[in-house]
Amino acid sequence: MSPSTPDIAIIGAGPAGLFAAEYLSARGHKVRVYDRMPTPGRKFLMAGRGGLNLTHSEEMDAFLSRYRPANPQIEAAIRAFPPAALREWCDDLGQDTFIGSSGRVFPKAMKASPLLRAWRARLEAQGVELVLRHVWTGWDGQGALTFDTPDGAVTVKPRATLLALGGASWPRLGSDGGWAGLLGERGVAISPFQPSNSGFHVDWSEAFRSRHAGTPLKHVTLSFGGRDVTGDAMISAYGIEGGGIYALSGAVREALASGPVTVYADLRPGVDVAALERRLASVRKGESMANRLRKAAGLSPVSAGLLREASYPLPSVPSALAALIKACPILLTGIAGLERAISSAGGIEFNALDERFMLKALPGVFAAGEMLDWEAPTGGYLLQACFATGLAAAKGIESRLSDR
């Protein structure tokens with residue numbers, strides 16, 4: 001048995017777990033956070049490599065519509081801790097935020113590491129114990145938590161436990177979904193993990209792949225299933241990835257269960273088809289197709305290459321060429337695996353939780369963050385829900401301990 005027993009054990013040192021630890025320790029509880037990795041917040045730091053997108057500034061109803069499936073507990077958690085509250089929390093840590101041109105919210109430092117350092121200092125000042133290289137393995141016969149550690153097996157029996165172990169994407173960062181079997185065998189309903197905010201496979205020609213793999217596809221509108229998303233994407237050797245396609249990934253993933261799926265790319269979203277047709281018709285006689293696409297249509301080399309992947313030879317009639325530019329088909333043949341996905345769908349079903357985020361099958365055990373069965377696009381929605389559900393579960397723990 002561990003030499004000391006915390007009031008509350010939190011398993012998982014990501015945003016949901018650390019935020020719950022902050023709330024509970026500030027209210028006088030002895031909190032210990034366990035993590036399997038040698039340092040905390042691995043995925044949080046990875047999210048900040050390109051500028052830490054914490055949340056989004058859009059109107060609340062639109063914000064909540066980004067979460068799939070719609071769930072009253074996610075909605076209640078975010079309304080109780082909305083984007084403005086997350087920004088205020090950052091400000092209190094000395095990490096001021098700003099709203100970008102897209103409405104996304106970032107810390108002014110544009111990095112996760114200064115925020116995490118300030119956060120860890122606050123947690124340490126509040127007495128939170130951080131215990132690393134501890135792999136949770138379940139419970140023993142007396143109901144104590146069990147861990148594998150470099151120094152051997154450890155057990156601890158807290159008054160309450162919060163599981164904040166993450167989903168199953170980017171497993172090398174510590175979230176591999178291995179906990180699903182431990183909970184499933186104890187009667188907790190688990191939806192299978194699937195990639196979310198993921199890239200998709202495309203059978204590019206060798207010429208296109210060798211020339212354009214790693215090239216950004218800037219400012220395009222991707223359309224599928226009645227939804228249009230304007231943003232950037234990235235051509236990869238295996239297919240297409242990036243924010244523009246990630247926003248459609250849930251619907252596309254479901255459609256792929258029935259076979260290949262076609263997504264359409266408007267390669268010039270700022271120009272209507274009639275104007276584009278006029279530009280293409282006005283070129284000099286004998287102008288090469290490459291020059292027509294570059295000068296008249298304003299296409300980048302990668303966009304022109306996409307057109308040739310869709311139709312070769314390209315139509316010479318201006319109306320047909322303009323129509324292709326405005327709706328260039330991209331045939332998706334499969335989805336990239338969880339090891340490449342930004343996040344995962346699936347996890348603990350919400351009907352397995354009570355209103356306090358406690359597992360009905362395991363009284364005294366709570367869950368939060370990406371362990372739960374929800375998904376959302378990139379753009380700040382993922383982190384916002386992790387913070388919000390971490391706080392909701394912490395309040396649930398506080399309520400239960402008060403009752404007892």
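Which of the residues that make up the stretch 61-75 are over 22 Å from Phe19 (Cα atoms) and exposed (fewer than 15 other Cβ atoms within 10 Å of the Cβ)? Listed by number, the residues that qualify are Asp61, Ala62, Ser65, Pro69, Ala70.
Going by the structure shown, is Leu314 part of a loop (DSSP other than H, G, I, E, B), more than 25 Å from the chain's Cα centre (by Cα) and touching a residue at least 12 places away in the same chain (Cβ under 8 Å)?
Details: part of a loop (DSSP other than H, G, I, E, B): yes; more than 25 Å from the chain's Cα centre (by Cα): yes; touching a residue at least 12 places away in the same chain (Cβ under 8 Å): yes.
Yes, satisfied.
Being out of contact with any strand residue (DSSP E or B) (no Cβ under 9 Å at 6 or more places or on another chain) and not assigned by TED's automatic domain parsing to the domain that holds Leu173 is true of Ala281. On the stretch given as the stretch 117-151, residues that are within 14 Å of Glu22 (Cβ to Cβ), of a type in the set (Gly, Ala, Ser) and not in a helix (DSSP H, G or I) total 1.
Scanning the stretch 245-296 for residues that are of a type in the set (S, T, N, Q) and touching a residue at least 40 places away in the same chain (Cβ under 8 Å) yields Ser249, Thr262.
Name the single residue that is nearest to the chain's Cα centre (by Cα) among those in the stretch 322-354 being of a type outside the set (A, V, I, L, M) and part of a strand (DSSP E or B). Steps first, please.
If we filter the stretch 322-354 for residues that are of a type outside the set (A, V, I, L, M), which is where we start, we get 326, 328-329, 333-334, 337, 339-340, 343-344, 346-347, 349-351, 354.
Now restrict to residues that are part of a strand (DSSP E or B): 328-329, 334, 343-344, 346-347.
Numbers: Cys328: 27, Pro329: 26, Gly334: 19, Ser343: 4, Ser344: 7, Gly346: 13, Gly347: 14 Å.
It comes out as Ser343.
If you check Pro318, Pro301 for being under 22 Å from Gly231 (Cβ atoms) and surrounded by 13 or more Cβ atoms within 10 Å (Cβ to Cβ), only one passes: Pro301.
Pairs meeting the criteria (first residue in the stretch 362-381 and farther than 15 Å from Asn197 by Cα, second residue of a type in the set (Phe, Trp, Tyr), beta carbons under 7 Å, at least 6 apart or on different chains) are Phe366/Phe357; Ala367/Phe357; Ala368/Phe357; Leu372/Phe350. Annotation: of all residues in the stretch 1-24 being over 16 Å from Phe387 (Cβ atoms) and at pLDDT 90 or above, the one that is farthest from the chain's Cα centre (by Cα) is Asp7. Reported count of residues in the stretch 232-276, each being crowded, with 21+ Cβ neighbours inside 10 Å and assigned to a strand (DSSP E or B), is 8. Of the residues Ile78, Ile10, the single one that is buried (at least 21 other Cβ atoms within 10 Å of the Cβ), in contact with a Phe, Trp or Tyr (Cβ under 8 Å, 6 or more places away or on another chain) and under 21 Å from Trp136 (Cβ atoms) is Ile10. In the set Met37, Met110, which member is out of contact with any strand residue (DSSP E or B) (no Cβ under 6 Å at 6 or more places or on another chain) and under 19 Å from Ser343 (Cα atoms)? That would be Met37, the only listed residue that is out of contact with any strand residue (DSSP E or B) (no Cβ under 6 Å at 6 or more places or on another chain) and under 19 Å from Ser343 (Cα atoms).
Determine whether His219 is at pLDDT 95 or above and touching a strand residue (DSSP E or B) at 6+ places or on another chain (Cβ under 8 Å).
Values: at pLDDT 95 or above: no; touching a strand residue (DSSP E or B) at 6+ places or on another chain (Cβ under 8 Å): yes.
Here the answer is no, as His219 does not meet what is asked.
The values are calculated or read from the model by the stated rules, or taken from the named source; none is laboratory data. Since the model is a prediction, treat every value here as computed from it, not as a measurement. Quick reminder, even Gly has a Cβ in these numbers, built from the backbone with ideal geometry, and neighbours come from all protein chains shown.
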